[in-house]
Amino acid sequence: MSRISTLFGKLLQNRRKALIPFITAGDPEPGMMVPLMHELVQAGADVIELGVPFSDPMADGPTIQRSSERALKHRVSLQDVLAMVGEFRESDSSTPVVLMGYANPVEAMGYDAFTARAKACGVDGVLIVDYPPEESVEWVEYLKRQNIAPIFLLSPTTPQQRVERVAALAEGYVYYVSLKGVTGSLHLDLHDVAEKLDGLRSRISIPIGVGFGIRDGATARAVAELADAVVVGSRIIEEIERSPKAEVLTNVHRLVKSLRVAIDAVSPAPSAAVKLTHL
Amino acid sequence: MKVYDLPDSHGHFGPYGGIFVAETLISALEDLRIQYERYRSDADFQAEFAHELKHYVGRPTPIYHAKRWSAQLGGAQILLKREDLNHTGAHKINNAMGQALLARRMGKSRVIAETGAGQHGVATATVAARYGMECVIYMGSVDVERQAANVYRMKLLGAEVIPVESGSRTLKDALNEAMRDWVTNVADTFYIIGTVAGPHPYPMMVRDFQAIIGREAITQMQEDYGRQPDALIACVGGGSNAIGLFYPYLDSSIRMIGVEAAGHGVETDQHAATLTKGRPGVLHGNRTYLIQDENGQIVETHSISAGLDYPGVGPEHAWLKDSGRAEYFGITDEQALEAFHALCHYEGIIPALESSHALAYAARLAPALTSDKLLLVNLSGRGDKDMPTVARASHITF
Ligand SMILES: Cc1ncc(COP(=O)(O)O)c(C=O)c1O
């Protein structure tokens, strides 16, 4: 079993929800990434989403844009990001790592070279923001050949037909974007999330994570009532941005820990969760 | 005869084009595609577009025989398709008008656009004023500095100009920011992209709106010269004026030449010659040639003309290059300036620096041809906006 399904199986048994922090590889600086990843795990992260910096992050709000720019000042390449995951794997063999980024760096490296190297470094899933399922057929084949999970986004505006298309391609978990707009936006409509997730459950058999717009324990907890995983990005990056370098690890730890505590306060009705057989 | 019928239903021109955007934008693009497909063949819509182009934009634009310059160059005759005579001074308004009419039919009250030189921003602000729509223009903060007069023009026309501080603070970043606005405000907002770039259906839609250039040329050439030209020449930034001229001619065998900005030279890293020096990749919603580093990061480009200073190119041009149907060459800043001054001097026409790249290529080609040959150059815009740049290049201060 893959690291991602092992994890969700265990969480389900313990009636817990996954906490998935997002950070950008190379922010605040390349040398701090592996310690930061371990720190996230110690603070209670179940999966790490690692952003691959790109010069033109069209789907991201200002916080993640700035984070990407800081990483690019250090000339962090996709190869460097993979090396970071490889180094993290030397002392953590169980926490899933999912790369999230844009198509062009992957295309520049080539599907074959990228997927082979990603496998060797211990990458568990990849989400390419600007690869919708229609343009992903060949890409998904390459990922699956290396047993890397293709992760896809679903949005409030995704029609049923497309949900089914995503369901046919996606592995690991799907990532439901909880609002219209870019990452880091402020308005999250919980009522809408609840309604949409209800509709998705019948079509999607793998876990559903919800992200975009989760900024504090209260929202994290409310989302955890509804989803299998809670993804938090911009809020963590803000913490990295505003912390002096020497305090990044402690401040991020404190923040992630508080999210963990909030999420663990949830005791979900079993019906809201995915069935074990689907994992 | 093989009839050119690209893009396919998913917006592909061979391996290029397509829809490479986040899921959050998919339904907006799908809606746009459906609405555009509908109005594309709607007689009322097309009639209104034609009416506005005639009475507001000032079409048809003439074809002018640059006799003195041709004689001076010695060789082929240079003919100019005078897009500089359009309202607002460039071809950009053909497309802005078409998209604004579509926005109205779709019930959108707010239009947004990206702009580099400011020409597309001015065209969009103009049509927004014409139809009483709210207008927001995204412009890289570097370009806001460089193109102060156009910023003021847009403001006079009632647009809000938002300087973009991310990335390289130029056109590509303005496009990213406009997309972010669109995905956030899609309910009431129409995004008017300024060139044949972006995700499907934009490259096709912008091409269709600009194709009036080539359609008029076919008629005018027949009327005025009794035949079609021997070659078409146009500058290529994103590629909208070029495709507008080329598209109606694609099923012919007439030579088509796109001219890119070679900046300080394609052998330097200071140019915007995407098709000459770029590699295929994905940016701004489509697959096309891109100027990028070895890690797939988009790098800054350079051209003396802000309108050609873009690291991508419309996907249809990528296809026309690979398929061999069109040829693409680079012209340096210096060569463009030389052609700029020549046209001022011999013809009393001040061309845009973008268009001067096409002129410069024509000036290189003409002497190699006999004097009965006809080169049709798309004079995509007038050069009033370029006064500060040209003056600076000539070491003149006002
Ligand atoms: C006069 C003029 N010509 C050409 C261009 C380049 O755009 P495109 O290649 O889309 O025609 C611009 C862009 O601003 C322009 O203002």
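Within the stretch A:146-165, track down each residue that is within 17 Å of the chain's Cα centre (by Cα) and more than 8 Å from chain B (Cβ to nearest Cβ).
To start, the set of residues in the stretch A:146-165 that are within 17 Å of the chain's Cα centre (by Cα) comprises A:148-155.
Hits for the stretch A:146-165 are A:ILE148, A:ALA149, A:PRO150, A:ILE151.
Scanning the stretch B:321-334 for residues that are open to solvent by 10 Å² or more (accessible area, probe 1.4 Å) and among the hydrophobic types (A, V, I, L, M, F, W, C) returns a single hit, B:PHE329.
Of all residues in the stretch A:233-257, those that are closer than 22 Å to A:MET100 by Cβ have Cβ atoms under 9 Å from Cβ atoms of residues that are of a type in the set (Phe, Trp, Tyr), 6 or more apart or on another chain, in A:GLY233/A:PHE22; A:GLY233/A:PHE212; A:SER234/A:PHE22; A:SER234/A:PHE212; A:ILE236/A:PHE22; A:ILE237/A:PHE22. Among the residues of the stretch B:292-319, those identified as of a type in the set (A, V, I, L, M) and more than 11 Å from chain A (Cβ to nearest Cβ) are B:ILE304, B:ALA306, B:LEU308, B:VAL313, B:ALA318.
Evaluation of A:ARG15 against the conditions (1) surrounded by 19 or more Cβ atoms within 10 Å (Cβ to Cβ); (2) assigned to a loop (DSSP other than H, G, I, E, B); (3) touching a residue at least 60 places away in the same chain (Cβ under 8 Å) shows that the sole unmet condition is (1). Summed over the stretch A:206-256, the residues that are surrounded by 15 or more Cβ atoms within 10 Å (Cβ to Cβ), more than 17 Å from A:LEU50 (Cβ to Cβ) and polar (S, T, N, Q) give a count of 3.
Does B:ILE304 satisfy the condition of being among the β-branched types (Val, Ile, Thr) and closer than 23 Å to B:SER380 by Cα?
Numbers: among the β-branched types (Val, Ile, Thr): yes; closer than 23 Å to B:SER380 by Cα: yes.
When the stated conditions are applied, B:ILE304 passes them.
When the stretch B:74-83 is filtered for residues that are buried (at least 24 other Cβ atoms within 10 Å of the Cβ) and within 16 Å of the ligand (Cβ to nearest atom), the ones remaining, listed by number, are B:LEU80, B:LYS81, B:GLU83.
Only a single item in (1) more than 14 Å from chain B (Cβ to nearest Cβ); (2) under 17 Å from the mean Cα position of the chain (by Cα) is not met by A:MET32, and it is number (2).
Take A:VAL137 and decide whether it is closer than 22 Å to A:GLU87 by Cα and away from chain B (no Cβ under 11 Å). Write out each step before concluding.
Values: closer than 22 Å to A:GLU87 by Cα: no; away from chain B (no Cβ under 11 Å): yes.
The answer is no for A:VAL137.
The one condition from (1) crowded, with 24+ Cβ neighbours inside 10 Å; (2) more than 10 Å from chain B (Cβ to nearest Cβ); (3) free of Cβ contacts under 8 Å to residues at least 24 places away in the same chain that A:PRO132 does not meet is (2).
Looking only at the stretch B:180-198, residues that are within 15 Å of B:PHE20 (Cα to Cα) and out of contact with any Asp or Glu (no Cβ under 9 Å at 6 or more places or on another chain) come to 3 in all.
Restricting A:ALA59, A:ALA45 to those that are away from chain B (no Cβ under 12 Å), under 17 Å from the mean Cα position of the chain (by Cα) and among the aliphatic types (A, V, I, L, M) reduces the list to A:ALA45.
Restricting to the stretch B:84-120, name every residue that is within 9 Å of the ligand (Cβ to nearest atom) and small (Gly, Ala, Ser). Even if it seems obvious, please write down each step before you answer.
Taking the stretch B:84-120 first, the residues within 9 Å of the ligand (Cβ to nearest atom) are B:84, B:89-92, B:95, B:115-120.
Hits for the stretch B:84-120 are B:GLY89, B:ALA90, B:GLY116, B:ALA117, B:GLY118.
Which ones in the stretch B:181-191 are touching a strand residue (DSSP E or B) at 6+ places or on another chain (Cβ under 9 Å) and either outside any loop (DSSP other than H, G, I, E, B) or within 13 Å of the ligand (Cβ to nearest atom) (or both)?
As a first pass, look at the stretch B:181-191 and keep what is touching a strand residue (DSSP E or B) at 6+ places or on another chain (Cβ under 9 Å): B:181-182, B:185, B:188-191.
Listed by number, the residues that qualify are B:ASP181, B:TRP182, B:THR189, B:PHE190, B:TYR191.
Taking the numbered list (1) touching a residue at least 60 places away in the same chain (Cβ under 8 Å); (2) within 18 Å of B:GLY89 (Cβ to Cβ); (3) within 20 Å of the chain's Cα centre (by Cα); (4) away from the ligand (no atom under 15 Å from the Cβ) in turn, B:PRO199 passes all entries but (2). Being within 9 Å of the ligand (Cβ to nearest atom) and part of a helix (DSSP H, G or I) is the filter; apply it to the stretch B:341-361 and report the residue that is surrounded by the fewest Cβ atoms within 10 Å (Cβ to Cβ). Restricting to residues being within 9 Å of the ligand (Cβ to nearest atom) and part of a helix (DSSP H, G or I), the top hit is B:LEU353. Of the residues A:ALA108, A:ALA194, the single one that is within 14 Å of another protein chain (Cβ to nearest Cβ) and either in contact (Cβ under 8 Å) with a residue 40 or more places away in the chain or out of contact with any Ser or Thr (no Cβ under 8 Å at 6 or more places or on another chain) (or both) is A:ALA108. B:VAL206 passes all but one of (1) open to solvent by less than 30 Å² (accessible area, probe 1.4 Å); (2) more than 14 Å from every other protein chain (Cβ to nearest Cβ); (3) away from the ligand (no atom under 15 Å from the Cβ); which number fails? Status for B:VAL206: all satisfied but (3).
The numbered conditions (1) away from every other protein chain (no Cβ under 12 Å); (2) touching a residue at least 24 places away in the same chain (Cβ under 8 Å) are all true for A:LEU78 except (1).
All conditions in (1) within 15 Å of the ligand (Cβ to nearest atom); (2) over 13 Å from B:ALA113 (Cα atoms); (3) out of contact with any strand residue (DSSP E or B) (no Cβ under 6 Å at 6 or more places or on another chain) hold for B:ALA148, with the sole exception of (1).
From the list A:GLY213, A:GLY184, exactly one residue is farther than 24 Å from A:ARG16 by Cβ, modelled with pLDDT under 90 and not aromatic (Phe, Trp, Tyr). Which is it? Steps first, answer last, please.
Values: A:GLY213 fails: farther than 24 Å from A:ARG16 by Cβ.
Result: A:GLY184 is the single residue among A:GLY213, A:GLY184 that is farther than 24 Å from A:ARG16 by Cβ, modelled with pLDDT under 90 and not aromatic (Phe, Trp, Tyr).
Among the candidates B:LEU175, B:LEU79, the residue that is touching a His at 6+ places or on another chain (Cβ under 7 Å), under 29 Å from A:ARG70 (Cβ atoms) and not in a loop (DSSP other than H, G, I, E, B) is uniquely B:LEU175. Just one of the listed residues (B:GLN46, B:GLN99) is among the polar types (S, T, N, Q) and surrounded by fewer than 23 Cβ atoms within 10 Å (Cβ to Cβ), and it is B:GLN46. All conditions in (1) of a type outside the set (A, V, I, L, M, F, W, C); (2) in a helix (DSSP H, G or I); (3) crowded, with 18+ Cβ neighbours inside 10 Å hold for A:GLU49, with the sole exception of (2).
From the residues in the stretch B:362-387 that are in a strand (DSSP E or B) and within 9 Å of the ligand (Cβ to nearest atom), which one is surrounded by the most Cβ atoms within 10 Å (Cβ to Cβ)?
Pass one, the stretch B:362-387, residues in a strand (DSSP E or B): B:374-379, B:381-382.
Now restrict to residues that are within 9 Å of the ligand (Cβ to nearest atom): B:378-379, B:381-382.
Numbers: B:ASN378: 29, B:LEU379: 32, B:GLY381: 29, B:ARG382: 21.
Restricting to residues being in a strand (DSSP E or B) and within 9 Å of the ligand (Cβ to nearest atom), the top hit is B:LEU379.
The values are calculated or read from the model by the stated rules, or taken from the named source; none is laboratory data. This one's a predicted model, so the numbers in the text were calculated from it and none came from an experiment. Here Cβ is always computed from backbone atoms with ideal geometry, including for glycine, and neighbour counts include all displayed protein chains. For accessibility, only protein heavy atoms count, side chains too; no ligands or nucleic acids. Shrake-Rupley method; radii C 1.70, N 1.55, O 1.52, S 1.80 Å.
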